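The structure under discussion appears below in the form of structure tokens.
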Amino acid sequence: MNKTILDLCGGTGSWSKPYKEAGYDVRLITLPEHDVRDYIPPENVYGILAAPDCTEFSLARNRYPERQRNFISALGPVDACIRIIWRTKPVFWALENPIGLLSRWLGKFQYRFEPWWFDEPYSKRTALWGVFNIPERKYFNYKDNPKAFSLHVKAKRRYTARKDGIPSIADITSGNEKEKRAITPQGFAKAFFEANQ
């Protein structure tokens with residue numbers, strides 16, 4: 001298959017994994033090997049998946065008001081992703097970030113999802129901007145997900161389990177596991193692939 005998929009700021013490549021497994025020409029553009037800010041894309045890009053770092057845009061940072069946000073630095077990779085999208089004009093593209101402050105610059109997102117909708121046992125409210133087909137949601141009730149309540153939720157943390165009882169990604173990771181929290185859930189990645197081929 002000759003369709004090229006760019007996985008920008010893709011980290012482990014979990015979002016593009018279903019494309020790679022299906023034989024697409026997947027190019028993972030992520031640090032430290034590749035910096036999206038100076039990447040020159042090829043011609044005839046079919047699809048783009050972009051997941052720039054969310055640290056400065058995350059609402060979780062509100063718990064630490066003493067830490068200054070560096071929006072100028074954080075917007076560099078976002079800007080680079082958008083420029084690559086404009087330049088290549090892919091058939092579909094999506095830029096992902098947890099629901100937070102990035103909407104100040106990109107406007108309202110086109111779609112939002114939770115990992116538990118697609119086979120994961122936790123919540124992480126995530127926004128997508130772009131031009132893409134909406135993935136088919138698998139679960140509409142958390143209790144219908146066979147993995148529901150399978151997590152041991154950390155006790156006595158102020159953000160432990162939302163009011164609806166669904167554990168958050170923060171409940172299953174520690175503060176130093178930023179990379180783990182950034183991995184695209186495989187259930188969602190598969191559903192996105194099935195909707196956007």
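The values are calculated or read from the model by the stated rules, or taken from the named source; none is laboratory data. Worth saying up front: this structure is predicted, and the values here are computed from it rather than measured. Cβ sites come from the backbone with ideal geometry, for glycine too, and all protein chains shown count toward neighbours.
Before moving on, here are some points about what is shown:
- Look at region 101-119: where a residue is among the aliphatic types (A, V, I, L, M) and a partner is at pLDDT 95 or above, sitting 6+ places away or on another chain with Cβ atoms under 6 Å, you get L106/W129.
- Selection count, region 6-15, where residues are in contact with a strand residue (DSSP E or B) (Cβ under 8 Å, 6 or more places away or on another chain) and in contact (Cβ under 8 Å) with a residue 60 or more places away in the chain: 4
- Flag if E21 is among the acidic types (D, E) and over 17 Å from F192 (Cβ atoms): no
Yes/no per residue for (1) over 13 Å from the mean Cα position of the chain (by Cα); (2) of a type in the set (A, V, I, L, M, F, W, C); (3) closer than 24 Å to I29 by Cα:
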position: R87; (1), (2), (3): yes, no, yes
position: W93; (1), (2), (3): no, yes, yes
position: E114; (1), (2), (3): no, no, no
position: W117; (1), (2), (3): yes, yes, no
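- Residue list for region 18-61, filter: crowded, with 19+ Cβ neighbours inside 10 Å, aromatic (F, W, Y) and either in contact (Cβ under 8 Å) with a residue 40 or more places away in the chain or part of a strand (DSSP E or B) (or both): Y19, Y46, F57
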